[in-house]
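J.: Input: one structure, supplied below.
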Amino acid sequence: MSFSVAIDGPAAAGKGTISKGVAAHFGFAHLDTGLLYRAVGRRVLDGVEPVAAAQALTAEELEQGDLRTAEIAQAASKVAVIPEVRAALVDFQRAFARRSGGAVLDGRDIGTVICPEADVKLFVTASAEVRAERRFLELSAKGSDVTRDQVLADVRERDARDAERSTAPMKPAEDAVLLDTSELSIDDALATAIDIIRQKRPAA
Ligand code: DC
């Protein structure tokens, strides 16, 4: 059986944690599609041309080194505006979504472009201030020397670029369920997501 869940939304809204939790709960495979853009962004920081980097991307590169730095996040958001980069990454994501046993993909354009036929679509969001605070705590815990103001500016800059690009901008699909996590604990957000998916899933 293939069953696909699309989870989109801005940085640090809780999509990653919710996606991992959903995948573990239902036994689905999980793909964090942001890692694809981050891996391309890292190559570009190393001097590779973005489209060539996207076309040569391998699944192994997603596992190598720490892709979750603020510098790579900005580079990812910049390469993600290039239509040929996005096009080079489509087949991999669609094949992943069709896996038997179910798949959850999280990103910005999963419900709108990659899997418009997904069985469940969630758009996970939270205020920019709440998201910046979460990201600040995460980066500080990793020893990064950032300030709250820097992180908030970074979140806003990335939101604007991701939402305003002309190819596959970040936006909720018309049939997506909105999940605002600003006032929710991560456990409550995950429980809400699991409930929504359970209602759409054929009885086992
Ligand atoms: O989810 P993330 O923060 O790891 O994503 C990094 C960047 O990659 C994000 O700012 C925009 C881009 N991205 C995208 O354009 N489409 C996706 N499906 C996932 C990420």
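The values are calculated or read from the model by the stated rules, or taken from the named source; none is laboratory data. Quick caveat: nothing in here was measured; it's all calculated off a predicted structure. Every residue, glycine among them, receives a Cβ derived from its backbone with ideal geometry; neighbour counts consider all protein chains shown.
J.: Can Ile7 be described as near the ligand (Cβ under 9 Å from one of its atoms), within 26 Å of Ala160 (Cα to Cα) and modelled with pLDDT of 95 or more?
T.: Judged against the criteria, Ile7 is not a match.
J.: What about Lys200, is it of a type outside the set (A, V, I, L, M), in contact with an Asp or Glu (Cβ under 7 Å, 6 or more places away or on another chain) and at pLDDT below 95?
T.: Considered against the rule, which asks whether it is of a type outside the set (A, V, I, L, M), in contact with an Asp or Glu (Cβ under 7 Å, 6 or more places away or on another chain) and at pLDDT below 95, Lys200 comes out as yes.
J.: Another question, if that's okay. Just for segment 37-49: of the residues that are part of a helix (DSSP H, G or I) and more than 7 Å from the ligand (Cβ to nearest atom), which one is surrounded by the most Cβ atoms within 10 Å (Cβ to Cβ)?
T.: Of everything passing the filter in segment 37-49, Val40 is surrounded by the most Cβ atoms within 10 Å (Cβ to Cβ).
J.: Just for segment 66-106: of the residues that are over 15 Å from Val40 (Cβ atoms) and within 11 Å of the ligand (Cβ to nearest atom), which one is modelled with the lowest pLDDT?
T.: Result: Ala70.
J.: Asp145 fails exactly one of the following numbered conditions: (1) at pLDDT below 95; (2) crowded, with 19+ Cβ neighbours inside 10 Å; (3) away from the ligand (no atom under 13 Å from the Cβ). What is the number of that condition?
T.: Answer for Asp145: the failing condition is (2).
J.: Mind listing whichever residues of segment 65-96 are of a type in the set (Gly, Ala, Ser) and within 14 Å of the chain's Cα centre (by Cα)?
T.: Result: Ala73, Ala76, Ser77, Ala80.
J.: Identify all residues within segment 179-204 that are in a helix (DSSP H, G or I) and under 14 Å from Arg131 (Cβ atoms); write none if there are none.
T.: Ile186, Ala189
J.: Only one of Thr192, Thr147, Thr181, Thr167 is free of Cβ contacts under 8 Å to residues at least 24 places away in the same chain and either under 13 Å from Gly14 (Cβ atoms) or within 18 Å of the chain's Cα centre (by Cα) (or both); which?
T.: That would be Thr192, the only listed residue that is free of Cβ contacts under 8 Å to residues at least 24 places away in the same chain and either under 13 Å from Gly14 (Cβ atoms) or within 18 Å of the chain's Cα centre (by Cα) (or both).
J.: When the residues of segment 50-75 are narrowed to those that are acidic (Asp, Glu) and without any contact (Cβ under 8 Å) to a residue 24 or more places away in the chain, which ends up surrounded by the most Cβ atoms within 10 Å (Cβ to Cβ)?
T.: Among those residues, the one meeting the criterion is Glu61.
J.: Take the residues in segment 108-122 that are within 8 Å of the ligand (Cβ to nearest atom) and out of contact with any helix residue (DSSP H, G or I) (no Cβ under 6 Å at 6 or more places or on another chain), then tell me which one is farthest from Gln93 (Cα to Cα).
T.: Asp109
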